[in-house]
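Note sheet for the following structure.
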Amino acid sequence: MSKRDYYELLGVAKGASADEIKKAYRVKAKELHPDRNKDDPSAESQFKEVNEAYEVLKDADKKAAYDRFGHAAFEGGMGGGGARPGGGFGQQGDFASAFSDVFDDLFGDFMGGRQGGRQRAARGADLRYNLRVTLEDAYTGLQKTINVPTSVQCGACHGSGSEGGAEPTTCPTCSGMGKVRATQGFFTVERTCPTCSGLGQIIKNPCVKCGGAGRVQKDRALSVNIPAGVETGTRIRLAGEGEAGMRGGPPGDLYIFIEVAPHDIFEREGTELHCRVPVSMTAAALGGDIEVPTMDGGRSRVKIPAGSQSGRQMRLRGKGMPALRGGGVGDMFIELAVETPVNLTSRQRDLLREFEALSEDNNPESKSFFSSVKGFWDSMKG
Ligand SMILES: [Zn+2]
Ligand SMILES: [Zn+2]
């Protein structure tokens, strides 16, 4: 299923400012709000789409990822897992918070505070880690230890959030539902229970170490295997290595976003490598062997046919980049750049003048070009 462009959904241009995005979102959200569109069943799904778009575009990091990778930025990582409905970074909590922005607008302080909707998602947040690697690293693959600031399960209370490991008790305000209802005119609005913040349970004696959250902040060193063939935009998902959940909830995932740094010699296009190799005018005219570098650090001998023109491409099979997950190896292409000699001595100049005087059919391209030009001028006259 193809998803609609987030900017298009909000009706703003790609370069729109945070303010413009927010304004456009509020207009759309009011227009599409389910309470105002009871007769239009499609409004609700549009409302959700608009919320999803705003959720991404209001967040500088997510927006940057979206600008760069489009919807792919929030879809499943490679190698297992895959997309969760609603996108990798969303999860329920986010929808609720976007929702409350509009509610604040529509109902003023009736909703009371920022928190609307469900807040029961005790699952930990997904984390993103940007990793820049060299083309050499991408060629061979590498094992790397990264330090991720994250929150981990509190050891003192084993994630329960309760001092001495006492069981949490059901919240008396909401009877464990996590939300309370208020009726005002013909609206019934649910909001997060103020007593338990939506968790449905309260702790009599919160753990002193984590303040009852069941998790603490910590840097974690993770050893990550970056496979050969990664490209800019490749994401590696480490399931369960994201933030710990609230009070023993399941952890989120860690996504490693790869960026491959540009290389001085090689340019990469998928599994192909391109290398521009200068050759002297005489080598190009007379032909000969040249040595070109290869990505594995070695060299290859390449035969230059006599009369090679600038821009001529030659393929070196199997000298390109490996594809991810053992999908074979690409080719390398060298492109000849014939170099006009500079800093001529008077002797060299004499030789070239003599050469020029002897030239007849040595420049077929010039010959055909100028004969076309002559035809063009003649036709303009007639
Ligand atoms: Zn409650
Ligand atoms: Zn604790």
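The values are calculated or read from the model by the stated rules, or taken from the named source; none is laboratory data. Fair warning: this is a prediction, and the values are worked out from it, not measured in the lab. Here the Cβ is made from the backbone with ideal geometry for all residues, glycine too, and neighbour counts use every protein chain on show.
Just checking, which of T282, T234 is under 18 Å from the mean Cα position of the chain (by Cα) and either within 22 Å of Q143 (Cβ to Cβ) or surrounded by fewer than 18 Cβ atoms within 10 Å (Cβ to Cβ) (or both)?
T234
So for the range 41-49 (the condition being surrounded by fewer than 21 Cβ atoms within 10 Å (Cβ to Cβ), on the phi < 0 side of the Ramachandran plot and acidic (D, E)), does at least one residue qualify?
Yes, the range 41-49 contains at least one residue that is surrounded by fewer than 21 Cβ atoms within 10 Å (Cβ to Cβ), on the phi < 0 side of the Ramachandran plot and acidic (D, E).
When you look at G176, is it assigned to a loop (DSSP other than H, G, I, E, B) and surrounded by fewer than 20 Cβ atoms within 10 Å (Cβ to Cβ), yes or no?
yes
Grab the helices (runs of 4 or more DSSP H) fully contained in the range 36-136, keeping just those with 2 or more residues being acidic (D, E) and at pLDDT 50 or above.
Numbers: elements: 41-57, 60-69, 91-107.
Once the helices (runs of 4 or more DSSP H) in the range 36-136 are filtered for at least 2 residues that are acidic (D, E) and at pLDDT 50 or above, what remains is 41-57, 60-69.
Would you pick out the residues in the range 154-171 that are within 20 Å of G200 (Cβ to Cβ) and not in a loop (DSSP other than H, G, I, E, B)?
Within the range 154-171, S162, E163, G165, T169, T170 meet the criteria.
Every residue, every condition in (1) assigned to a helix (DSSP H, G or I); (2) closer than 25 Å to I290 by Cβ; (3) under 33 Å from the mean Cα position of the chain (by Cα); (4) of a type in the set (A, V, I, L, M), yes or no:
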| residue | (1), (2), (3), (4) |
| --- | --- |
| A306 | no, yes, no, yes |
| K319 | no, yes, yes, no |
| N343 | no, yes, no, no |
| Q348 | yes, yes, no, no |
| E354 | yes, no, no, no |
| A357 | yes, no, no, yes |
| E360 | no, no, no, no |
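If you scan the range 1-29, which residues turn out to be basic (K, R) and surrounded by 13 or more Cβ atoms within 10 Å (Cβ to Cβ)?
Let us first name the residues in the range 1-29 that are basic (K, R), namely 3-4, 14, 22-23, 26, 28.
Selection gives K3, R4, K22, K23, R26, K28.
Which residues, counting only those in the range 216-231, are more than 27 Å from D67 (Cα to Cα), surrounded by 13 or more Cβ atoms within 10 Å (Cβ to Cβ) and more than 13 Å from ligand 2 (Cβ to nearest atom)?
The answer is R220, L222.
Would a scan of the range 196-215 turn up a residue that is within 15 Å of ligand 2 (Cβ to nearest atom), buried (at least 22 other Cβ atoms within 10 Å of the Cβ), assigned to a helix (DSSP H, G or I) and outside the structural domain of M295 (by TED's automatic domain parsing)?
no
Considering only residues of the range 135-160 that are in contact with a strand residue (DSSP E or B) (Cβ under 8 Å, 6 or more places away or on another chain) and of a type in the set (D, E, K, R), which is nearest to ligand 1 (Cβ to nearest atom)?
K144
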